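Inspection log for the structure reproduced underneath, given as structure tokens.
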Amino acid sequence: MDDKKKILVIDDEEDMQKLLKIRFEQESFIVITASDGEAGIKAAELEAPDLILMDIMMPKMDGYSCLKEIRKISKIKDTPILILSGKEEEKIKDLFAFQKISGYVEKPFELDSLVAKIKEILKI
């Protein structure tokens, strides 16, 4: 893959960040990580990723607030966002329908399925 795609992982669990970074880099993605919503917004604006993978339950600023703020930034307002959460899927879908998310992955998840979903969203 010559034109490497950039993924921003926003998750407060350091082990989850490391796991996803290692797995995504095996697929030749460039991976940026952020530990909370505030850092995620800054990283998203600075890095302009091709896809954002975001947890819902985080300190400082949760995923709901983070998503709303990211959608206000013009250069990344249409960036695909995939939600990671242990919450019930229907509630997530209802809450995020108006914010244009690209999908939802329930924790725990299968890494290969997550990679396949990301590739599908990025059309690679």
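The values are calculated or read from the model by the stated rules, or taken from the named source; none is laboratory data. Please read these numbers as outputs of a predicted model, since none were measured by experiment. Positions of Cβ are backbone-derived with ideal geometry, glycine not excepted, and every protein chain shown enters the neighbour counts.
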**Asked** When the range 7-51 is examined, which residues are found to be among the hydroxyl-bearing types (Ser, Thr, Tyr) and more than 23 Å from residue 68 (Cβ to Cβ)?
**Response** 28
**Request:** Filter the range 89-109 down to residues that are over 17 Å from residue 62 (Cα atoms), modelled with pLDDT of 85 or more and surrounded by 10 or more Cβ atoms within 10 Å (Cβ to Cβ), then give me how many there are.
**Result:** 2
**Complete:** Scanning the range 1-38 for residues that are without any contact (Cβ under 8 Å) to a residue 12 or more places away in the chain and part of a helix (DSSP H, G or I), the one surrounded by the fewest Cβ atoms within 10 Å (Cβ to Cβ) turns out to be 15
**Complete:** Residues of the range 52-68 being touching a residue at least 40 places away in the same chain (Cβ under 8 Å), farther than 23 Å from residue 119 by Cβ and assigned to a helix (DSSP H, G or I), in sequence order, are 66
**Asked** When the range 4-58 is examined, which residues are found to be modelled with pLDDT of 95 or more and among the β-branched types (Val, Ile, Thr)?
**Response** 7, 9, 10, 22, 30, 31, 32, 33, 41, 52
**Message:** For the list (1) in contact with a Lys or Arg (Cβ under 8 Å, 6 or more places away or on another chain); (2) assigned to a loop (DSSP other than H, G, I, E, B); (3) modelled with pLDDT under 90, I need the number of the one condition that residue 124 fails.
**Reply:** (3)
**Asked** Within the range 39-51, can you find the residues that are without any contact (Cβ under 8 Å) to a residue 40 or more places away in the chain and of a type outside the set (D, E, K, R)?
**Response** 39, 40, 41, 43, 44, 46
